[in-house]
1. Run lengths n ≥ 4 of DSSP H only: what is the helix-derived mean residue ellipticity at 222 nm for the chain, with -39500 (n - 2.57) per run over all residues, to the nearest 500?
2. Set the bar at 19 Å for Cα to Cα. Now go through LYS102/LYS137; LYS417/LYS448; LYS159/LYS250; LYS328/LYS361 and name every pair that lies beyond it.
3. Considering only ILE143, LEU71, VAL229, whose Cα is most displaced toward the positive end of the charge dipole of the chain, charges sitting on Cβ of Lys, Arg (+1) and Asp, Glu (-1)?
4. Could you order peptides 396-403, 176-183 by the average number of other Cβ atoms within 10 Å of their residues, highest first?
5. So what's the gap between the Cα centers of region 286-363 and region 118-150, to the nearest angstrom?
6. Counting Lys and Arg as +1 and Asp and Glu as -1, each charge on the Cβ, what is the dipole of region 277-450 about the Cα centre in debye, to the nearest 20?
7. On a straight-distance basis, which aspartates and glutamates could pair with LYS16 in a cross-link, Cα separation under 13 angstrom, same-chain partners fewer than 8 positions away excluded?
8. Of all the accessible heavy-atom surface of the chain, with the other protein chains kept in place and a 1.4 Å probe, what percent is carbon and sulfur?
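The values are calculated or read from the model by the stated rules, or taken from the named source; none is laboratory data. Because the structure is predicted, anything quoted here is derived from the model rather than measured. Methodologically, a virtual Cβ is constructed for each residue, glycine included, from the backbone with ideal geometry; neighbour enumeration extends over all protein chains shown. Accessible surface areas use protein heavy atoms only, side chains included; no ligands, DNA or RNA. Shrake-Rupley method; radii C 1.70, N 1.55, O 1.52, S 1.80 Å.
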Amino acid sequence: MAKQKTAYVCQNCGAKSPKWIGKCPSCNEWNTYEEEIIISSKSPGIFSQTNFTGNKPILINAIENSNYSRLSTSNNEFDRVLGGGIVKGSVILLGGEPGIGKSTLLLQVAQQISCKVLYVSGEENAEQIKLRSERLKSGNEEIYFLSEILTENIINHAKNIKPELIIIDSIQTLRVEHVESSAGTVTQIRESANRLLEYAKENSVPIILVGHITKDGSIAGPKVLEHIVDTVLQFEGDNNFNYRILRAFKNRFGSTTEMGIYEMQQNGLQEVKNPSEMLMSHHAEQYSGISICSTIEGARAFLVEVQALVSTAAYGTPQRSSTGFDAKRLNMLLAVLEKRVGFKLSTKDVFLNLAGGLKVKDTAIDLAVICAILSSDVDRAITLQTCFVGEVGLSGEIRQAQRIDQRISEAEKLGFKRIFIPMQGKEMTKKTSIEVIEVDKVEHVFNKLFS
Ligand code: TYD
Ligand code: MG
């Protein structure tokens with residue numbers, strides 16, 4: 001029998017070395033090399049110009065426009081993030097921290113979609129899945145469960161059952177037969193993913209793979225996995241809150257700006273249809289340090305509550321803490337405040353929090369952050385019917401935000417009376433029942449709010 005060829009493979013980036021090395025020269029990570037058996041590649045043979053097979057080059061103009069056919073899952077948030085449903089033959093990778101609800105989400109998708117589904121789990125057994133499925137509402141009679149970790153077997157079962165959607169929980173538990181390294185190693189993940197991809201493309205069957213994530217938040221296994229698949233989704237949330245957010249990081253068939261919001265309840269993940277209501281705490285009383293921003297994620301506008309607490313610094317170095325908002329940006333805004341409105345930066349502790357555990361990337365939230373800080377600093381509440389939109393620049397100028405009309409309408413819809421927006425420089429075309437106040441400098445906002 002021929003001797004098996006082995007090599008050491010970096011579990012982080014996939015680089016190979018004939019010997020074990022401590023530090024990977026390609027990605028600079030330590031202790032990532034593991035021995036793996038290499039699959040012998042076919043001998044290249046003699047290249048002949050006459051008998052090669054494969055695709056021929058074609059003119060782009062001659063390619064027919066194909067409308068991707070999509071499967072609707074009846075889970076509106078899931079469909080939206082994917083760009084309008086699952087594209088047939090696509091491979092989707094769903095990443096997220098343990099316990100965040102990946103398995104729950106996918107079982108729910110399986111139960112809501114109306115087609116034959118093969119649900120493969122290498123992590124949970126049939127009883128566990130049954131228990132879980134009893135907690136969730138099901139409308140789909142045709143869900144097959146398979147507890148299996150061999151990729152070849154999964155594909156054979158799929159060939160027999162002919163499902164229209166395959167769900168695999170998780171890619172890290174799979175292995176292919178002729179590679180001897182253990183499940184979860186780079187070679188196993190890559191080989192299994194490639195086999196599944198081939199099956200998906202040949203049979204136009206979409207496959208959703210669950211991927212574990214590492215400590216630093218990236219999907220465990222080779223980076224190539226993210227390149228192979230068509231769509232990478234991330235399921236995130238804060239364990240202290242019940243809200244879960246689904247985002248697309250890569251999407252060959254749609255935008256990556258959409259976001260799906262769910263709430264984890266006793267009977268599974270419920271879609272949050274009106275995020276604004278969930279993201280604001282409803283107080284009857286007015287407190288200082290609270291302001292509301294009209295923000296945009298993907299196609300939707302919604303309102304987020306910003307909470308700030310400013311107190312006198314007890315120790316030499318003032319404390320800064322920020323949840324849901326970039327800490328560096330907070331420091332920048334505080335420096336702007338010091339320069340423009342005389343905020344004494346070095347003597348104040350500042351704590352900032354976005355209600356609901358949401359992370360907002362929209363820079364138009366800056367103005368609301370500044371107003372919350374100022375409100376807490378002077379200990380005067382901003383009336384609850386006021387909200388803010390605007391990015392703040394380094395010299396204290398308030399910069400434009402995209403899709404201002406949509407933000408105003410959302411605030412109007414939720415019963416707000418006043419909205420501060422950046423100076424438009426033109427007549428607002430749309431008539432609104434809400435009072436629109438245009439501001440161009442931070443110091444003007446301060447005067448308008450508190451004097
Ligand atoms: P799970 O889907 O197992 O997470 P993952 O696959 O990402 O590791 O989610 C597990 C958590 O969800 C667990 O803490 C229990 C909770 N949960 C509910 O709150 N309600 C439910 O209906 C279900 C099924 C789970
Ligand atoms: Mg799971």
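1. Per the formula, -7500 deg cm²/dmol.
2. Long pairs (Cα-Cα over 19 Å): LYS159/LYS250.
3. About the Cα centre, the residue reaching furthest to the positive side is VAL229.
4. Descending packing order for the listed peptides: 396-403, 176-183.
5. 44
6. My answer is approximately 220 debye.
7. GLU34, GLU35, GLU36
8. 49
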